[in-house]
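Colleague: Before anything else, here's the structure in question.
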There are 2 protein chains.
Amino acid sequence: METGRAIKASRSWINQNGHQILQEYAELLRLPNHASDLPNIERNCDFISQMFAKRGFEMQLLRLEGAPPIVYGERLVAGATRTYCIYAHYDGQPVVAENWTHPPFEPTLYDGAMSNGGRPIPFPTSPNEEIDEESRLYARSASDDKAPIISLAAALDGLEAAGIGLTSNIKLFFDGEEETGSPNVENYLRTFDHLLNDITVWMLVDGAVYPTGDPSFKFGSRGRTAAQLTVYGPARPLHSGHYGNWAPVPGQLLARLLASMKDDEGKVLIDGFYDSVIPMSDFERGQAEEAPNIDEQLKEELALHTTEGNGESLNLRIQLPSLTIRGLASGSVGEKARNVIPTTAVAELEMRLVNGNDPDSMLDLLEAHIKKEGWFVVDEEPSLEIRKAHRKVIKMIRDEDSFAASKVDMDRPEIQEVIAGLKSFTGDSGVFLPATGASNRIYGLIFNDIGKPGICINTVNRDNNQHGADENVRIGNLWYGADILSVVLTLPE
Amino acid sequence: METGRAIKASRSWINQNGHQILQEYAELLRLPNHASDLPNIERNCDFISQMFAKRGFEMQLLRLEGAPPIVYGERLVAGATRTYCIYAHYDGQPVVAENWTHPPFEPTLYDGAMSNGGRPIPFPTSPNEEIDEESRLYARSASDDKAPIISLAAALDGLEAAGIGLTSNIKLFFDGEEETGSPNVENYLRTFDHLLNDITVWMLVDGAVYPTGDPSFKFGSRGRTAAQLTVYGPARPLHSGHYGNWAPVPGQLLARLLASMKDDEGKVLIDGFYDSVIPMSDFERGQAEEAPNIDEQLKEELALHTTEGNGESLNLRIQLPSLTIRGLASGSVGEKARNVIPTTAVAELEMRLVNGNDPDSMLDLLEAHIKKEGWFVVDEEPSLEIRKAHRKVIKMIRDEDSFAASKVDMDRPEIQEVIAGLKSFTGDSGVFLPATGASNRIYGLIFNDIGKPGICINTVNRDNNQHGADENVRIGNLWYGADILSVVLTLPE
């Protein structure tokens, strides 16, 4: 099976039946889908189950008490030696309807992005009616993450119409609570392991394509940990006139500590901070280096003159752990500023972690650094006696929301096989990133907890307003999704 | 005239007439006295004018349109070669009546401090009735700053009863808007200069005695200036996962800048920061060094292990300029902390200034330091173009509320004469501080703007809750006020 035929089938189907695809999609988007709204969640499940039952899948709803069901399906292919599982999520973010131009569950077509002067247009109604790829469909979950569901349906239809068979067993695993953190997915994966343990590669279809618009694929995400640091000055706020130049100033003490943690180029100075990083393979580094450099575009957009790391690209920088001051507070600023020496200064530090970094061990390194700087470290509010007994007292509270990075080894043969197939479609334009900078619970569950390889496939436009008002999908990206999934469904054996 | 006779006269009068003093004081304290409440302000003026008219003063109300009047008086003494002016203020802080145990304008006597288990007692009614010096009178302005007014009346009565004449011409200048910043006093001083230009020394009677309870006198106060610094990261808040370890973190940049400004011992590292300080005279330094060291007591109270300046005493430290971070903010802390790289970080810096420090020049030194650290400094919100054009951009907003220190040269003969007289009463217990750490607008107006020498005389107890609810005066401090003013009224010629 060569890639070209699958794409041709997909495009031919779309050209003739775009109006039907959009009609079916509009029906799906009319169903409200917040994970807590269980009656509507069931309506989504029924609709999606019927969509894929029609397309040759044996469907069932996997159920755990009180949780949105997993819409599960399988279509087995005689003689297939691989099983791919398509993951998407049918639930959506909550909506604040008054912020939307149109009601979020009344899908509305525009001839372009609203932000670009687009105007509402009627849905197409006839076969072969041309649909501009720049037109947009506005509705909650239009991009995040019902788009892969309709793209997959179109891909299946296109291949069917062209008489092209699938080359792998295909399973479906559509999550109904991703936007609330997938609290039950771990349990689902364990409980229904008998349905899932033969999966060769998970295809996690979610998220937006590369900023350049090029196809993008990711193989991991960073972990995370955080700590809150509080340093102490006088036991009560002091008049800065009466006591200034005598009482220690907590903001000053904190500034000196934070300054010791990172140099002017953004290199973290905590001993051992980079030691546990498992380096990328040559292939992975090559992929990260080959990805189009978007730094200049981003720097322009973000009004940045210089970035951390002496100009090393974002795609390489996110393959290392980070240390970010996400919050600072002492006394008051602006109109509320008062002439006081505050009692405390607080910093919220966050780390993003890569392959090899253990969250607790990374915080241990941070704590060791603080001690090396002469601080007495406590993990609860220090008594006045403790404050009197030590020159520099700091409270360090470790964040409970800590987890390791998720990373698939891109050199694994079953992954190399998929990459090769995808590249035969994308050519040089495909971006294959070893890991995204952000963290992703689903990656962690699949890559780490059940130890399966997976690939994240991005299909939608970046300017989709996911999670906000006026969420939308660019129609061209729905079609792209059908193309890429046609490739996945027909990867050479 | 020896000091002993004046004190004896004061104490004899108090012992016999304490009940009358408290009755007269209660009448004065019943008059609400916020500067904006002009009808009640007039009632205060009338009452105080009558108090001193009865005691041999020619009284008049100095008036400027829309401002509380100055209660002015003079009592000339035949052959006197000096004129002392007693400054106090009859206005008070606004009250939040529901926070008070008793209504703030219903003076209530207690047998001790409420905070120490004191209980309400009736006012004394008969001559020679013993009044415990530890008892407290609760009312707005009981300490701040009607106390000197009643103490002065008692001192005059005591001297009169003992047949002891005044040794200087005495003028009265009672301010009616100190608690709102004395906005018209400069104009009053200029407009009525013909009444005031023969004053030899101003006696500014306000504030609490030294923390040890010892008599205290001050000869200046620190100036002040401030600046708000804002440093810039990305133009919009960035996801700390997607961009962490690449995008510059404004809190980190700010920490490094602030850390460069002060060393671990609290020494300011800004070039020239201490250069313009006019050193104290030997006499002044001697007085500051002789003052009882309260550092250990304060460190205990404030739970401090170490203070800035390698253990140099508070009284010496406040004779130098200070640099205080009174506010810090970037992103959010605590429950509101989010996984972002914030767009800005803000520091509110404040300096207290001493003799010789020009506020603008001190901020110039700060700005030069920031530039030396590689920052591009702007004084208004920088455009995105400016942010793109420079690696480190900082906005520095100079505070409009800036003023120089106020300082009387303690070696001036007319001041030395007063100090000698006061010391003959206080003996070794008197604390004569070259300057207080805080700032005082009245000192500035008198010492700097009209260039007159003055002495600040503190009479009330420190735990007086001035400005808050349950303001009070310790009765022993009212009597002490009468003693010390008796000494002032009869200083040897």
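Colleague: Limited to region A:118-172, what total is found for residues that are within 22 Å of A:Ala80 (Cβ to Cβ) and free of Cβ contacts under 8 Å to residues at least 60 places away in the same chain?
Modeller: Going through region A:118-172 one residue at a time, the tally reaches 1.
Colleague: Additional query: Please determine, by comparing only the residues of region A:230-257 that are in a helix (DSSP H, G or I) and more than 7 Å from chain B (Cβ to nearest Cβ), which one is surrounded by the most Cβ atoms within 10 Å (Cβ to Cβ).
Modeller: Per the stated criteria, the residue is A:Leu254.
Colleague: Of the residues that sit in region A:307-337 and are of a type in the set (Lys, Arg) and facing chain B (nearest Cβ under 7 Å), which one is nearest to B:Val333 (Cα to Cα)? Give the steps one after another, and end with the answer.
Modeller: Restricting attention to region A:307-337, the residues satisfying the condition of being of a type in the set (Lys, Arg) are A:317, A:326, A:336.
From what is left, the residues that are facing chain B (nearest Cβ under 7 Å) are A:317, A:326.
Numbers: A:Arg317: 26, A:Arg326: 8 Å.
Here the answer is A:Arg326.
Colleague: Let me ask you something else. Scan region A:204-224 and give yes if some residue there is out of contact with any His (no Cβ under 6 Å at 6 or more places or on another chain), basic (Lys, Arg), open to solvent by less than 10 Å² (accessible area, probe 1.4 Å) and in a loop (DSSP other than H, G, I, E, B), otherwise no.
Modeller: Yes.
Colleague: Now for a different question. How many residues does region B:124-155 contain that are more than 25 Å from B:His34 (Cβ to Cβ) and surrounded by fewer than 23 Cβ atoms within 10 Å (Cβ to Cβ)? Give the derivation first.
Modeller: Restricting attention to region B:124-155, the residues satisfying the condition of being more than 25 Å from B:His34 (Cβ to Cβ) are B:124-135, B:154-155.
Retained after the next criterion (residues that are surrounded by fewer than 23 Cβ atoms within 10 Å (Cβ to Cβ)): B:124-135.
Summing the residues that are more than 25 Å from B:His34 (Cβ to Cβ) and surrounded by fewer than 23 Cβ atoms within 10 Å (Cβ to Cβ) in region B:124-155 gives 12.
Colleague: Would it be correct to say that B:Ser424 is among the polar types (S, T, N, Q), within 12 Å of chain A (Cβ to nearest Cβ) and surrounded by fewer than 22 Cβ atoms within 10 Å (Cβ to Cβ)?
Modeller: Numbers: among the polar types (S, T, N, Q): yes; within 12 Å of chain A (Cβ to nearest Cβ): no; surrounded by fewer than 22 Cβ atoms within 10 Å (Cβ to Cβ): yes.
Considered against the rule, which asks whether it is among the polar types (S, T, N, Q), within 12 Å of chain A (Cβ to nearest Cβ) and surrounded by fewer than 22 Cβ atoms within 10 Å (Cβ to Cβ), B:Ser424 comes out as no.
Colleague: Which residue is farthest from the chain's Cα centre (by Cα), if the candidates are limited to region A:219-236 and must be closer than 18 Å to A:Leu328 by Cα and not aliphatic (A, V, I, L, M)?
Modeller: A:Gly233
Colleague: Taking into account only those residues within region B:67-82 that are out of contact with any helix residue (DSSP H, G or I) (no Cβ under 9 Å at 6 or more places or on another chain) and open to solvent by less than 50 Å² (accessible area, probe 1.4 Å), which is nearest to B:Pro413 (Cα to Cα)? Lay out the reasoning, then the answer.
Modeller: Taking region B:67-82 as the starting set, the residues that turn out to be out of contact with any helix residue (DSSP H, G or I) (no Cβ under 9 Å at 6 or more places or on another chain) are B:76-81.
Still in the list and also open to solvent by less than 50 Å² (accessible area, probe 1.4 Å): B:77, B:80.
Values: B:Val77: 21, B:Ala80: 17 Å.
Once the filter is applied, the top-ranked residue is B:Ala80.
Colleague: Restricting to region B:85-113, name every residue that is outside any loop (DSSP other than H, G, I, E, B), open to solvent by less than 50 Å² (accessible area, probe 1.4 Å) and in contact (Cβ under 8 Å) with a residue 40 or more places away in the chain.
Modeller: Hits for region B:85-113 are B:Cys85, B:Ile86, B:Tyr87, B:Ala88, B:His89, B:Gly92, B:Leu109, B:Tyr110.
Colleague: If you don't mind, there's one more thing I want to ask. If you go through region A:33-45 one residue at a time, how many are under 22 Å from the mean Cα position of the chain (by Cα) and in a loop (DSSP other than H, G, I, E, B)?
Modeller: Residues flagged as under 22 Å from the mean Cα position of the chain (by Cα) and in a loop (DSSP other than H, G, I, E, B) within region A:33-45 amount to 3.
Colleague: I would also like to ask the following. Say we look at region A:384-408 and pick out the residues that are among the hydrophobic types (A, V, I, L, M, F, W, C) and closer than 30 Å to A:Gly223 by Cβ; which of these is farthest from the other protein chains (Cβ to nearest Cβ)?
Modeller: So the residue we want is A:Val408.
Colleague: Being farther than 30 Å from A:Pro321 by Cβ and crowded, with 20+ Cβ neighbours inside 10 Å, is that true of even one residue in region A:447-456? Let's see the steps before the verdict.
Modeller: Restricting attention to region A:447-456, the residues satisfying the condition of being farther than 30 Å from A:Pro321 by Cβ are none.
No: region A:447-456 contains no residue that is farther than 30 Å from A:Pro321 by Cβ and crowded, with 20+ Cβ neighbours inside 10 Å.
Colleague: Among the candidates A:Thr436, A:Thr426, A:Thr459, single out the residue that is over 27 Å from A:Pro94 (Cα atoms) and of a type in the set (S, T, N, Q).
Modeller: A:Thr426
Colleague: Got at least one residue in region A:429-438 being in a helix (DSSP H, G or I), more than 14 Å from chain B (Cβ to nearest Cβ) and closer than 14 Å to A:Val201 by Cα?
Modeller: No, that holds for no residue.
Colleague: Mind checking whether some residue in region B:270-283 is within 30 Å of A:His305 (Cα to Cα), out of contact with any Cys (no Cβ under 6 Å at 6 or more places or on another chain) and either hydroxyl-bearing (Ser, Thr, Tyr) or away from chain A (no Cβ under 11 Å) (or both)?
Modeller: Yes.
The values are calculated or read from the model by the stated rules, or taken from the named source; none is laboratory data. Fair warning: this is a prediction, and the values are worked out from it, not measured in the lab. Every residue, glycine as well, gets a Cβ built from its backbone with ideal geometry; the counts of neighbours run over all protein chains shown. Surface accessibility is based on the protein's heavy atoms, side chains included, excluding ligands, DNA and RNA. Shrake-Rupley method; radii C 1.70, N 1.55, O 1.52, S 1.80 Å.
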